[in-house]
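Written below as structure tokens is the structure these notes are about.
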Amino acid sequence: MGKESSPHIGIYGVANAGKSTLLNRLTGQQSAIVSPQAGTTADPVRRSFEIAGYGPVVFIDTAGIDDTASELGRLRVRKTWQTLTEVDLAIVLLVGSEPSPAERHLLDTVRANDVPALVLPERAANLSTDEILRRARESMPESSQSVPPFFGERPIAAGDVLVFVCPIDSAAPAGRLILPQVQALRAALDAGAVAVTVQPPQLPEALEMYAPRLVVTDSQAFREVVAMVGKHRPRTEVTSFSVLLAEQKGDKAVYTEGLKAVDVLKPGDRVLIIENCSHQATCDDIGRAKIPGWLREYTGVGDLRFTFVSGRDPLPAELYAVPGYFALAVQCGGCVSTRRMIQSRIHAARRNGVPITNYGMLIRKLQVRG
């Protein structure tokens, strides 16, 4: 399990509560700068770590939640609150035996976000590292490790042949595959399957030579790949890397329902595109160029307005404050995000009456016309 799928544990408290010191103790490294000066931690610090008897996790050290005396401090606190959408467990450090008003607000906010909490009062400084890790392990929800398999309910068995179609264009990173392709390759190897990787022009030959159990394609080539498979191996299932991620980290039923909004888009409607990674956009960018173009082509509506969210940036305030502001939200596969973060964004859209779907499922609809 890669770090993007590993359970995330946030460390929270007021300024100088010892959050960075605790992170360094738990990881056995100087993962975070420690200083008696308040406000040392600005952006959240992430550190991968393996807990014995449990597995890999990602610790997140955050800024003090009472650092609100300046605009910079308020920005730090905002970043801290944002991490609650991705953590599976919150370790809350108290500076005294009883919570202060700021600490009570922190505990209330953690609970409001449905995040399990391990509360460590001031005397916890005397606990051993092993004891704190034991308590963290016991406090983690079982669901944090129960990420659905990458290929979903498909019975991939040892010896099955899977063909992965990976186009190389200007949006492809230099010298490597994109993360969903790497994740699929690893999942295939874990299952004992045989993974064959090709670009679209080599697909017909691979279909004839290997008679694959499943073909997985990059979403942008879906129409082309479906046509090739239909001609050479019509009984072979075709899906995309993003659809597989939709099933693993998202909510397929909600995404399917959200697709219905595509057919009723009208001039002036706003569409929210949610990208969970940050990258330089190109002319071939799937989220910022191709999906808007395909939506306009499919619907015949040229006057669609698009808003883009990247990385861990919060969703637009209009989503919460203005009913009906967005007619549709489109979530990326989330290959670099935790399942909890994807789920939190799905829930935010649904709570505010915005239909939401997924890159891969939307592209499949737009390219196969239905």
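The values are calculated or read from the model by the stated rules, or taken from the named source; none is laboratory data. Worth saying up front: this structure is predicted, and the values here are computed from it rather than measured. When we count neighbours, we look across all protein chains shown, and the Cβ atoms used for this are built from the backbone with ideal geometry, even at glycine. Side chains are part of the model used for accessible areas, which takes the heavy atoms of the whole protein and leaves out ligands, DNA and RNA. Shrake-Rupley method; radii C 1.70, N 1.55, O 1.52, S 1.80 Å.
Could you tell me which residue of the stretch 6-31 is most open to solvent (accessible area, probe 1.4 Å), considering only residues that are part of a helix (DSSP H, G or I) and in contact with a Ser or Thr (Cβ under 8 Å, 6 or more places away or on another chain)? Write out each step before concluding.
Step one: of the stretch 6-31, the residues part of a helix (DSSP H, G or I) are 19-27.
Next, from what is left, pick out any that are in contact with a Ser or Thr (Cβ under 8 Å, 6 or more places away or on another chain): 19-20, 23-26.
Values: Lys19: 14, Ser20: 15, Leu23: 0, Asn24: 17, Arg25: 80, Leu26: 5 Å².
Here the residue is Arg25.
Confirm whether Leu214 is on the phi < 0 side of the Ramachandran plot, of a type outside the set (Lys, Arg), surrounded by 17 or more Cβ atoms within 10 Å (Cβ to Cβ) and touching a residue at least 60 places away in the same chain (Cβ under 8 Å). Reasoning before the result, please.
Numbers: on the phi < 0 side of the Ramachandran plot: yes; of a type outside the set (Lys, Arg): yes; surrounded by 17 or more Cβ atoms within 10 Å (Cβ to Cβ): yes; touching a residue at least 60 places away in the same chain (Cβ under 8 Å): yes.
Taking the combined requirement at face value, the residue satisfies it.
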- request: May I ask you to list the residues in the stretch 70-92 that are exposed (fewer than 15 other Cβ atoms within 10 Å of the Cβ) and of a type in the set (D, E, K, R)?
  value: Glu71, Arg74, Arg78
- request: Keeping to the stretch 185-206, report how many residues are aliphatic (A, V, I, L, M) and touching a helix residue (DSSP H, G or I) at 6+ places or on another chain (Cβ under 6 Å).
  value: 4
field: Odd one out for Asp67, checked against (1) charged (D, E, K, R); (2) over 23 Å from Ser337 (Cβ atoms); (3) open to solvent by 70 Å² or more (accessible area, probe 1.4 Å)
entry: (3)
task: Considering every residue within the stretch 163-176, establish whether at least one is modelled with pLDDT of 95 or more, over 19 Å from Ala246 (Cα atoms) and of a type outside the set (Phe, Trp, Tyr).
output: yes
task: Filter the stretch 173-193 for residues that are within 19 Å of the chain's Cα centre (by Cα) and of a type in the set (Lys, Arg) and give the result.
output: Arg186
task: Confirm whether Gln202 is closer than 29 Å to Leu295 by Cβ and open to solvent by 20 Å² or more (accessible area, probe 1.4 Å).
output: no
- prompt: How do the pairs read when you match residues in the stretch 335-349 that are open to solvent by 10 Å² or more (accessible area, probe 1.4 Å) with residues anywhere that are hydrophobic (A, V, I, L, M, F, W, C), using Cβ under 7 Å and keeping only pairs 6 or more apart or on different chains?
  reply: Cys335/Leu179; Cys335/Leu245; Val336/Leu179; Val336/Cys277; Arg339/Val147; Arg345/Ile274; Arg345/Leu315
statement: Those residues of the stretch 218-245 which are in contact with a Cys (Cβ under 8 Å, 6 or more places away or on another chain) and outside any helix (DSSP H, G or I) amount to Asp218
- prompt: Taking the stretch 120-159, which residues are touching a residue at least 12 places away in the same chain (Cβ under 8 Å), open to solvent by 60 Å² or more (accessible area, probe 1.4 Å) and within 20 Å of Pro99 (Cβ to Cβ)?
  reply: Glu122, Arg123, Ala125, Arg135
- line: Leu118 meets each of (1) modelled with pLDDT of 95 or more; (2) closer than 30 Å to Arg213 by Cβ with one exception, condition (2)
query: Among the helices (runs of 4 or more DSSP H) confined wholly to the stretch 262-370, which include 3 or more residues that are under 19 Å from the mean Cα position of the chain (by Cα) and not charged (D, E, K, R)?
result: 339-351, 359-368
- request: Output yes when any residue across the stretch 163-182 is open to solvent by less than 30 Å² (accessible area, probe 1.4 Å), in contact with a Cys (Cβ under 7 Å, 6 or more places away or on another chain) and part of a helix (DSSP H, G or I), and no when none is.
  value: yes
field: the stretch 239-258 residues that are farther than 25 Å from Val229 by Cβ, paired with ones that are part of a helix (DSSP H, G or I) (beta carbon under 7 Å, 6 or more apart)
entry: Lys249/Arg339; Lys249/Ile342; Asp251/Ile346; Val254/Ile346; Val254/Arg350
message: Can you find a residue that is of a type in the set (Ser, Thr, Tyr) and assigned to a helix (DSSP H, G or I) anywhere in the stretch 190-200?
response: no
